[in-house]
Amino acid sequence: MSASATDAEVTDLATLNVLIFDRLEVIAKALTDTDARILPRFLSKGDAARYAGISEASIEKLLSMRMLKPYRPVKRRTVVDRLELEQYVLSTQPR
């Protein structure tokens, strides 16, 4: 093996190490951001719909049919309990 080939290998290895380190930093940041994110207990109708993967009209129908309990912390604002929504969605899954 010639000296120039060794130098090229060292350079490639150094470049690879830098790329790996950079990628690990990105992954570590993403994991930290995910761990720091706290899901709210109560969701707006729109957020509840996005969370469950259904339309907002479906959430409104579930609320009007009393399949989900509407919470009104202030006038004209209805929120849905995320845990009740999860329980409802899981109970309707075919087995």
> In terms of modelled amide H atoms, which long-range or inter-chain residues lie less than 5 Å from the amide H of Phe42?
Replying inline: Arg82
> Short version: ³J(HN,Hα) in whole Hz for each residue of region 14-21, in order, from phi by Karplus 6.51 cos²θ - 1.76 cosθ + 1.60 (θ = phi - 60°), x for Gly and Pro, what are they?
Replying inline: 5, 5, 4, 4, 5, 5, 5, 4
> Tell me, what ³J(HN,Hα) does each residue in region 23-29 have, in order and in whole Hz, if you take phi through Karplus 6.51 cos²θ - 1.76 cosθ + 1.60 with θ = phi - 60° and put x for Gly and Pro?
Replying inline: 5, 4, 5, 5, 5, 4, 5
>> Under the rule of at least 5 residues apart or a separate chain, name every residue whose amide H is placed under 5 Å from the amide H of Leu68.
In response: Leu63
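Throughout, read-outs are computed from the coordinates displayed, never taken from laboratory work. These figures come from a predicted structure and were not determined experimentally.
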